[in-house]
Amino acid sequence: MKNFLYPLITFLLIFPGISLFAQTEDSTEVINDSLAIVIPVVKDTLSVTDSLKKAFLNDPARLKIIEVIKSVNEKSSSVDLLHSENAVKIKASSIDQSGDMEIKVKRKDDIWFRVSGNFAMISKDAFIAHFNRKNFIYFDNLNDKVIEGPTTDDNIGYISRIKCSFDDLMNVMSGTCSIVYKDADTLVMDTEKTNYVITVRNGKKFVKYWVDAAGSYVIKYAYFNTKLKQNLSITYGNFVKAGTGMYARKVEINKPLTSEFLRILNETYTLNNPGMSFQVDYPSDVRRVKW
């Protein structure tokens, strides 16, 4: 027992501030001392992260690209409350036919279209659909049913016959393109003849926009896969002045990897129609389906 107590007493004499029976207040002080050391490190880490983010977002080259994007988007937004009549051609593995398409567009959230003509999926007058960013409603007259559900790329693809995002659908139906990007995206801009080429990248996302430098409007944009091959492109042509922007009277969608193609040729159009209805009309006795 003496052999045990002697080294213990010696240890306590050498380090009198340490007690085997320290009070709660003493323990709290020790914890606080530890926090006093740790917290500045966390703050410094956050400070470095914030500084890097601020430097990334305020890089002069990035800000110049954003100015070009803002100009493009402001001009495209003037093509609004659009009502158009168009000839449409759809080609895919199961269809290669032409018909007519009536389109109504309200930026940034409403797209209505009515497709009629010699399409295999149309047995009666036409099929009609209305999409907003959250939901859609589609009158499938071939099967006498109304389908409602969330707006997703897959659901858009089922109805329009080409899978794409809501923003892509808006860009196609409106005949003019807005460039979509987020703060986390990397932006790069090059020049190609009389065009800017803006690249938007983030993880697997890789999109290029070809912008007419003088007029600030998109003439084409394309998605690339991880192997840098185009898997979706949207091309604009037959431009006419519309508001402060340009309206493309021809829009083509190509999916080269799956041989899907859609072309819209505008016949007549009007802008700024505030009284447009986006109602999907259908018989009261049709079957209702929720997706």
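The values are calculated or read from the model by the stated rules, or taken from the named source; none is laboratory data. No experiment lies behind these values; they were computed from the predicted model shown. Don't worry about glycine lacking a Cβ; one is built from the backbone with ideal geometry, like all the others, and counts go over all protein chains shown.
Here LYS229 passes the criteria (1) under 22 Å from ARG161 (Cα atoms); (2) surrounded by 18 or more Cβ atoms within 10 Å (Cβ to Cβ); (3) not acidic (Asp, Glu) except the one numbered (2). The lone criterion from (1) of a type outside the set (D, E, K, R); (2) over 25 Å from TRP210 (Cα atoms); (3) in contact with a Lys or Arg (Cβ under 9 Å, 6 or more places away or on another chain) left unmet by ASN238 is number (2). All conditions but one from (1) surrounded by fewer than 16 Cβ atoms within 10 Å (Cβ to Cβ); (2) closer than 25 Å to TYR217 by Cβ; (3) at pLDDT below 95 apply to LEU63; the one that does not is (3). Residues in the stretch 89-146 that are modelled with pLDDT of 80 or more, over 25 Å from the mean Cα position of the chain (by Cα) and of a type in the set (Asp, Glu): ASP96, ASP100, ASP140, ASP144. Scanning the stretch 207-237 for residues that are out of contact with any Phe, Trp or Tyr (no Cβ under 9 Å at 6 or more places or on another chain) and outside any loop (DSSP other than H, G, I, E, B) yields one hit, GLY237.
Taking the conditions (1) under 24 Å from PRO256 (Cα atoms); (2) without any contact (Cβ under 8 Å) to a residue 40 or more places away in the chain; (3) of a type outside the set (A, V, I, L, M) in turn, ASN86 satisfies each one other than (2). For the stretch 63-98, a residue qualifies if it is of a type in the set (Gly, Ala, Ser) and either at positive phi or out of contact with any Gly (no Cβ under 7 Å at 6 or more places or on another chain) (or both), and the qualifying residues are SER71, SER77, SER84, ALA87, ALA92, SER93, SER94. Please work out if LYS208 is basic (Lys, Arg), touching a Ser or Thr at 6+ places or on another chain (Cβ under 9 Å), crowded, with 18+ Cβ neighbours inside 10 Å and at pLDDT 90 or above. It is true that LYS208 is basic (Lys, Arg), touching a Ser or Thr at 6+ places or on another chain (Cβ under 9 Å), crowded, with 18+ Cβ neighbours inside 10 Å and at pLDDT 90 or above. Can you list residue pairs whose Cβ atoms sit under 6 Å apart, with the first residue in the stretch 144-166 being at negative phi and the second being among the β-branched types (Val, Ile, Thr) and in a loop (DSSP other than H, G, I, E, B)? Count only pairs 6 or more apart in sequence or on different chains. Hits for this filter: LYS145/VAL286; VAL146/VAL286; PHE166/THR151.
Go through the residues of the stretch 191-205 one by one and say whether even a single one is closer than 25 Å to HIS83 by Cβ and at pLDDT 95 or above. No, the stretch 191-205 contains no residue that is closer than 25 Å to HIS83 by Cβ and at pLDDT 95 or above. For the stretch 238-291, a tally of residues being small (Gly, Ala, Ser), assigned to a strand (DSSP E or B) and at pLDDT below 95 returns 2.
Across the stretch 169-183, not a single residue is classified as surrounded by fewer than 16 Cβ atoms within 10 Å (Cβ to Cβ) and either farther than 22 Å from TRP210 by Cα or hydrophobic (A, V, I, L, M, F, W, C) (or both). Whenever a residue of the stretch 213-227 is farther than 13 Å from THR176 by Cα and at pLDDT below 95, its partners that are surrounded by fewer than 18 Cβ atoms within 10 Å (Cβ to Cβ) and of a type outside the set (D, E, K, R), lying with C-beta atoms within less than 6 angstrom and at least six residues away or across chains, give the pairs ASN225/ASN231.
On the stretch given as the stretch 238-289, residues that are within 21 Å of CYS164 (Cα to Cα) and either exposed (fewer than 13 other Cβ atoms within 10 Å of the Cβ) or free of Cβ contacts under 8 Å to residues at least 12 places away in the same chain (or both) total 2.
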